[in-house]
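First up is the structure itself, then whatever we jot down about it.
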Amino acid sequence: KDLVIYELHVRGFTKDPSSGVKNAGTFSGVVEKIPYLKELGVNCIEIMPVFEFDEFLPFLGDEYCNYWGYATCNYFSPKSSYAACKDKSFAADAMKNMVKQLHRNGIEVILDVVFNHTAEGDSHGPCFSLKCFDNNIYYMLTPDGSYYNFSGCGNTVNCSHPMVQQLILECLRYWTTAYHVDGFRFDLASILGRNQ
């Protein structure tokens, strides 16, 4: 009841020149805007998806950009293009610093997490992650082997399977212990309780 939550997109929050930051569209840009957040009375930010995602999904066509990040490619790394430096391998350090600076200023951090579907899409989508490990375990499949699509994104992650539950819990534990985030907002959370 005491939280004043500001939902933001890391890139979109400071991308426009009117934001007046040096590192527009990055984790560092968010740090530069902490005084603005405090001036608004914000004491918690909810960050739209920052797990690594592909901004240009080939199966969607060149005209589509996955701006929002709701198509996870890797649950254990922050979006590399949100790092301010040219070496994108420093994205983890940049995000950890952002969380640390927000905490120093009395602002909690909630991550918007996507466990209901992945960027692999349906049977026409690419195979680079969970499909490769064990398609039958990680996705909900129809009796004929097609993908159930309760997410509206081509596939539905099989959150009722113990291995998938372990993956989700390990991911949440990782972001809590390594990045010190304060909480999570689960995209389409009802799927996490759906069984076959």
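Just one of the numbered conditions (1) assigned to a strand (DSSP E or B); (2) buried (at least 17 other Cβ atoms within 10 Å of the Cβ) is not true of residue 191: (1). Report every pair of residues separated by at least 6 positions or lying on different chains whose Cβ atoms are under 8 Å apart, first residue within the range 73-88 and without any contact (Cβ under 8 Å) to a residue 12 or more places away in the chain, second open to solvent by less than 50 Å² (accessible area, probe 1.4 Å) and part of a helix (DSSP H, G or I). Filtered contacts from the range 73-88: 85/94; 88/80; 88/81. Of the residues making up the range 8-50, just one is within 15 Å of residue 67 (Cβ to Cβ) and of a type in the set (Asp, Glu), namely 16.
Filtered by the rule that a residue be out of contact with any Gly (no Cβ under 8 Å at 6 or more places or on another chain) and open to solvent by 20 Å² or more (accessible area, probe 1.4 Å), the range 138-150 gives 138, 141, 142, 143, 144, 145, 146, 148, 149, 150. When 121, 125 are checked against the criterion of being part of a loop (DSSP other than H, G, I, E, B), over 19 Å from the mean Cα position of the chain (by Cα), touching a residue at least 40 places away in the same chain (Cβ under 8 Å) and closer than 19 Å to residue 67 by Cα, 125 stands alone in meeting it.
Quick one: is residue 135 open to solvent by less than 60 Å² (accessible area, probe 1.4 Å), modelled with pLDDT under 95 and not in a loop (DSSP other than H, G, I, E, B)? Don't jump to the end; show me each part of the working.
On the way: open to solvent by less than 60 Å² (accessible area, probe 1.4 Å): yes; modelled with pLDDT under 95: yes; not in a loop (DSSP other than H, G, I, E, B): yes.
It is true that residue 135 is open to solvent by less than 60 Å² (accessible area, probe 1.4 Å), modelled with pLDDT under 95 and not in a loop (DSSP other than H, G, I, E, B).
Residues that are open to solvent by 80 Å² or more (accessible area, probe 1.4 Å) and within 19 Å of residue 175 (Cα to Cα): which helices (runs of 4 or more DSSP H) entirely in the range 1-115 hold 2 or more of them? Can you show your working first?
Numbers: elements: 10-14, 27-32, 34-40, 91-104.
The qualifying helices (runs of 4 or more DSSP H) are 91-104.
You will find that of 148, 139, the residue that is of a type in the set (Phe, Trp, Tyr), in contact with a Phe, Trp or Tyr (Cβ under 7 Å, 6 or more places away or on another chain) and more than 26 Å from residue 92 (Cβ to Cβ) is 139 and no other.
The values are calculated or read from the model by the stated rules, or taken from the named source; none is laboratory data. In this text, all values refer to a predicted model and were calculated from it rather than measured experimentally. All Cβ positions, glycine included, derive from the backbone under ideal geometry; neighbour counts span all protein chains shown. For the accessible areas, the whole protein counts, side chains as well, though only heavy atoms, and no ligand, DNA or RNA atoms are used. Shrake-Rupley method; radii C 1.70, N 1.55, O 1.52, S 1.80 Å.
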